[in-house]
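*Asks:* Following this message is one structure expressed as structure tokens.
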Amino acid sequence: LITSFVFYGKLRKKRKLEEKANLIKEAELYIEKAKESKALSTVKPSIFLNPGEHAFFEEQSNLKETRAVRKTGGGGVGFRVAKGVYVGGYSGQAESHQEWRDLDTGELIVTNEKIVFQGTKENRMFPINKILSVETFTDGAEVTIESRTKSVIFTARNPYILSAILHIVRSVKDPMNLKDVKLDIKFE
């Protein structure tokens, strides 16, 4: 039983590493295509765009954000002295910490001007020039936005492509003209 548990644990870890390698390879091919065409490929978005605005990414996504979670613990002994009256008490303590939570599911659109999340419960819009950092995970990209205390995570089929697009649109003047731009994006 222990041997099979260890074997399947190693197999699951190997599959995760292979999945990550495949996602990175796909993202590298995307970057190569952008280098060859000297522009990011555009998509037809489900939202209206401003004049001169282009969409580069649209996909079903989950929006995640940290939320405070309280946990209480403790115990006590009491006894009943009359109907509805108890003597004794409860002793305990509460602790709060932040945990990532799924807030909504919807469409994520990235343009050269903004990130738009159109969810079933709420919509969010972040200007591209307010992005401070992007961190990539195998299931999503964590985006830190100026003037927000909390980062957000957007899930994506290939978060490495999403991160590359965010890096490019944040750092270049015109993602439709990458002729003189050196795309040096490394994936970990």
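The values are calculated or read from the model by the stated rules, or taken from the named source; none is laboratory data. This one's a predicted model, so the numbers in the text were calculated from it and none came from an experiment. Cβ coordinates were reconstructed from backbone atoms using ideal geometry, including for glycine residues, and neighbour counts include every protein chain displayed. Side chains are part of the model used for accessible areas, which takes the heavy atoms of the whole protein and leaves out ligands, DNA and RNA. Shrake-Rupley method; radii C 1.70, N 1.55, O 1.52, S 1.80 Å.
*Asks:* Hey, K150 hits all of (1) in contact (Cβ under 8 Å) with a residue 40 or more places away in the chain; (2) out of contact with any Leu (no Cβ under 6 Å at 6 or more places or on another chain); (3) under 22 Å from I31 (Cβ atoms) but one; which does it fall short on?
*Replies:* Answer for K150: the failing condition is (3).
*Asks:* Can you name the strands (runs of 3 or more DSSP E) wholly within the range 107-188 that have at least 2 residues being in contact with a Phe, Trp or Tyr (Cβ under 6 Å, 6 or more places away or on another chain) and open to solvent by less than 80 Å² (accessible area, probe 1.4 Å)? Explain how you work it out, then say what you get.
*Replies:* Working: elements: 114-119, 123-127, 131-136, 140-145, 152-155.
In the range 107-188, the matching strands (runs of 3 or more DSSP E) lie at 140-145.
Residues checked against (1) open to solvent by 100 Å² or more (accessible area, probe 1.4 Å); (2) among the aliphatic types (A, V, I, L, M):
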{"position": "G9", "(1), (2)": "no, no"}
{"position": "K14", "(1), (2)": "yes, no"}
{"position": "L17", "(1), (2)": "yes, yes"}
{"position": "I31", "(1), (2)": "no, yes"}
{"position": "A34", "(1), (2)": "no, yes"}
{"position": "S37", "(1), (2)": "no, no"}
{"position": "P45", "(1), (2)": "no, no"}
{"position": "F56", "(1), (2)": "no, no"}
{"position": "Q60", "(1), (2)": "yes, no"}
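*Asks:* How many residues does the range 169-188 contain that are farther than 16 Å from E58 by Cα and either free of Cβ contacts under 8 Å to residues at least 40 places away in the same chain or of a type in the set (V, I, T) (or both)?
*Replies:* Here the count works out to 9.
*Asks:* Taking Q93 as the residue in question, decide whether it is open to solvent by 40 Å² or more (accessible area, probe 1.4 Å), within 14 Å of K64 (Cα to Cα), of a type outside the set (D, E, K, R) and modelled with pLDDT under 95.
*Replies:* On the way: open to solvent by 40 Å² or more (accessible area, probe 1.4 Å): yes; within 14 Å of K64 (Cα to Cα): no; of a type outside the set (D, E, K, R): yes; modelled with pLDDT under 95: yes.
Spelling it out, it is not the case that Q93 is open to solvent by 40 Å² or more (accessible area, probe 1.4 Å), within 14 Å of K64 (Cα to Cα), of a type outside the set (D, E, K, R) and modelled with pLDDT under 95.
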